[in-house]
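Each remark here refers to the structure printed beneath this line.
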Amino acid sequence: MMFNPQQMKQMMKQLGIKSRELDVEELVMKTSAGEIVLKNPQVLEMDMKGQKVYQVSGGERVEKAFNDEDVELVAEQAHISKELAVELLKKADGDIAQAIVLAEGLSEEESKGASDSSEGV
C-alpha cells in the first residue's frame, strides 16, 4: 500500500506527529569508535507527543578531523611535526597510542624531515 506525501502528512497529523525539515550544514556523530561527519544531510525532526525523533538521510561523508590536543600529543610524544602526526592518526584510525607506535617505526630521516618542515608554524 503506497501513500502519497500529502496522505502521509495527514495521517501523521491525525496521530499527533509534527515534523519539520532542519537546515543542517554539517552533522557530527560521536561514537565509541570515532566520529562520523556528514556534510549537507537531510534531517527531519519529528515531535511525537513531546518525544523528539530525528531522521538523517543522505549527506556526503567526510574525513574525520582530529582534535588539536590529540595531534599535539602525538607530535610531542613522537618528536614529529603536527602534519606527520595527522597522517599517522589517519593510518591508526584515530588511535593515539597506535599513531605513536607508528611514528617510532619511522626512520630517523622520515621523522626528522617532517619535523623540520613544521618549524616556524
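Values in this text are rule-based calculations from the coordinates and carry no lab data. In this text the structure is predicted, and so the values were computed from the model without any measurement. Backbone-built Cβ (ideal geometry, glycine too); neighbour counts: all protein chains shown.
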- Residues of type lysines that LYS39 reaches as a straight line, Cα spacing below 29 Å, ignoring anything fewer than 8 places off in the same chain: LYS9, LYS18, LYS30, LYS52, LYS64, LYS82, LYS90, LYS91
- Query: Out of LEU15, THR31, SER57, whose Cα points farthest toward the positive end of the dipole of the range 5-62 (charges: +1 Lys, Arg; -1 Asp, Glu; placed on Cβ)?
  - Reply: LEU15
- Item | Global form of the range 5-62, assessed from the alpha-carbon gyration tensor, a/c cut-off 1.5 | prolate
- Does anything in the range 36-56 have its amide N under 17 Å from the 7 Å Cα→Cβ label point of MET8, and if so which residues? 42-48, 53-56
